[in-house]
Amino acid sequence: MRTGDADAKTDALRFEPHADRARLYVYREGFLARAAGLDVLVDESFVAQLTSPQFTVVTLDPGAHTVRVGFPKSAINPKAPTWTHDIDVRAGDVTALRLTSKMGMKETSIEMTVVPDLAKAQAGCRRGKMVLAEAFT
């Protein structure tokens, strides 16, 4: 996991759109399971692993995409659950997806919410460290 320096974070927090492509911000908040890394994939390509509070930003081609998150699979937990959220983006879009952990009766789950208020999403990202995306940059 590579974290972005202060300049990269400042640039990302502008939430500026691209003319020909879309930007997707994925940020994680909350205290429940905050230290457990959560793998983020877009269209089955690994993007980043986020703990709370952290965020990443990816640049996407216009169209439909699937965001999948899950705790890493391991020998101890080979069937770790995953959660998906489908998005459809247009050129110039800026989309923010908030990840929070929810405690269930038997296990922790992840709630994925599109945040239409970009000022609120910026505030959420500002509180965390930036993790550089490994794909879709």
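Restricted to the stretch 38-52, and to residues there that are surrounded by fewer than 17 Cβ atoms within 10 Å (Cβ to Cβ) and not in a strand (DSSP E or B), the residue that is nearest to the chain's Cα centre (by Cα) is Thr51.
Against the numbered list (1) surrounded by fewer than 14 Cβ atoms within 10 Å (Cβ to Cβ); (2) modelled with pLDDT of 90 or more, Ala80 comes up short only at (2). The set of residues in the stretch 53-94 that are in a loop (DSSP other than H, G, I, E, B) and touching a Phe, Trp or Tyr at 6+ places or on another chain (Cβ under 8 Å) comprises Pro53, Asn77, Ala80, Pro81. One residue stands out among those in the stretch 9-64 that are touching a strand residue (DSSP E or B) at 6+ places or on another chain (Cβ under 8 Å) and among the acidic types (Asp, Glu): the one that is nearest to Lys102 (Cα to Cα), which is Glu29. Hey, any hits in the stretch 65-79 for a residue that's under 14 Å from the mean Cα position of the chain (by Cα) and among the aliphatic types (A, V, I, L, M)? Yes.
Ala123 passes every criterion in (1) of a type outside the set (Asp, Glu); (2) without any contact (Cβ under 8 Å) to a residue 12 or more places away in the chain; (3) more than 13 Å from Tyr25 (Cβ to Cβ) apart from (3). Within the stretch 111-137, the set of residues being part of a loop (DSSP other than H, G, I, E, B) and either crowded, with 16+ Cβ neighbours inside 10 Å or at pLDDT below 90 (or both) comprises Val115, Gly128, Leu132, Ala133, Glu134, Ala135, Phe136, Thr137. Just one of the listed residues (Thr66, Thr108, Thr95, Thr100) is surrounded by 11 or more Cβ atoms within 10 Å (Cβ to Cβ), farther than 25 Å from Ala8 by Cβ and at pLDDT 90 or above, namely Thr66.
Only one of the numbered conditions (1) modelled with pLDDT of 90 or more; (2) aliphatic (A, V, I, L, M); (3) touching a Ser or Thr at 6+ places or on another chain (Cβ under 7 Å) is not met by Leu32, and that is (1).
The values are calculated or read from the model by the stated rules, or taken from the named source; none is laboratory data. Fair warning: this is a prediction, and the values are worked out from it, not measured in the lab. Quick reminder, even Gly has a Cβ in these numbers, built from the backbone with ideal geometry, and neighbours come from all protein chains shown.
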